[in-house]
Amino acid sequence: MTDFDRPGTTPTARRRRPAFAALRDEIDLPPLNHIAPTLDLPWQKEDTDTPDRKAAYRHPEGHSLGLRIQARGLAVQTWITAGPTLPPLPEGGTDTEQAEAQAARDARLQPGRTWHTVLNTRASTTLASDLGALVRDRLLPALAHKPRGLPAPPPPARIGQPTTNQPEGTRQ
């Protein structure tokens, strides 16, 4: 049954995209295996079934890192998963040193937990270097200090209300 067959409805014309036309919000990206960062040892790049869309890395301690181009090339999703074990606490030491070691251990990304970030490809001018910086500056440090999220944006200005800040030297 179409819109024309239902009584009491107004038919609406649907705009159709020709089959040869690209989507409006589609970005043509180079294959991911060309722009994926090179990580220092002991990280090893794994072979994937779709190297142009996905890259995976493995660490000997069990950590894993992945990159994936999302649909239409608008973003590159990145993630890091902590390995199955935490480093052991040091033996001996004072109670303060033990407490500091435990606090450092608790601040890490816990075993099996994953941290995700996304790179907006429309906002990136040098995709390969931006992706490498994201991995180095945001993902790898998450293993030692789990992120707590992004800082909150400043509150919006009060529209139509006077500001309380006055230039110096003036009084009312």
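The values are calculated or read from the model by the stated rules, or taken from the named source; none is laboratory data. These numbers come from a predicted model, not from an experiment. Note that we place each Cβ from the backbone using ideal geometry, even for glycine, and neighbour counts take in every protein chain shown. Side chains included, ligands, DNA and RNA excluded: accessible areas come from the protein's heavy atoms. Shrake-Rupley method; radii C 1.70, N 1.55, O 1.52, S 1.80 Å.
Residues checked against (1) polar (S, T, N, Q); (2) at pLDDT below 90:
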| site | (1), (2) |
| --- | --- |
| Ile27 | no, yes |
| Thr81 | yes, no |
| Thr85 | yes, yes |
| Gly92 | no, yes |
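Scan (1) without any contact (Cβ under 8 Å) to a residue 24 or more places away in the chain; (2) open to solvent by 70 Å² or more (accessible area, probe 1.4 Å); (3) more than 19 Å from the chain's Cα centre (by Cα) for the single condition Thr48 breaks and write down its number.
Failed condition: (2).
Quick one: in segment 54-69, which of the residues that are open to solvent by 40 Å² or more (accessible area, probe 1.4 Å) and touching a Ser or Thr at 6+ places or on another chain (Cβ under 9 Å) is farthest from Leu119 (Cα to Cα)?
The qualifying residue farthest from Leu119 (Cα to Cα) is Glu61.
I'm checking my understanding of the structure. Among residues of segment 75-123 that are in a helix (DSSP H, G or I) and surrounded by 14 or more Cβ atoms within 10 Å (Cβ to Cβ), which one is farthest from the chain's Cα centre (by Cα)?
Initial filter on segment 75-123 (in a helix (DSSP H, G or I)): 95-106, 121-123.
Checking which are surrounded by 14 or more Cβ atoms within 10 Å (Cβ to Cβ) leaves us with 98, 101, 121.
Numbers: Gln98: 34, Ala101: 29, Thr121: 12 Å.
Looking at the filtered set, the residue picked out is Gln98.
Which condition number does Gly169 fail, the rest of (1) at pLDDT below 70; (2) under 18 Å from Tyr57 (Cα atoms); (3) of a type outside the set (D, E, K, R) being met?
(2)
What are the residue pairs meeting all of these: first residue in segment 105-128, first residue under 25 Å from Gln70 (Cα atoms) and without any contact (Cβ under 8 Å) to a residue 40 or more places away in the chain, second residue crowded, with 16+ Cβ neighbours inside 10 Å and among the acidic types (Asp, Glu), Cβ atoms under 9 Å, and 6 or more apart or on different chains?
Ala123/Asp130; Ser124/Asp130
Report yes if some residue within segment 132-152 is touching a residue at least 40 places away in the same chain (Cβ under 8 Å), more than 30 Å from Asp28 (Cβ to Cβ) and assigned to a helix (DSSP H, G or I); otherwise report no.
Within segment 132-152, one or more residues are touching a residue at least 40 places away in the same chain (Cβ under 8 Å), more than 30 Å from Asp28 (Cβ to Cβ) and assigned to a helix (DSSP H, G or I).
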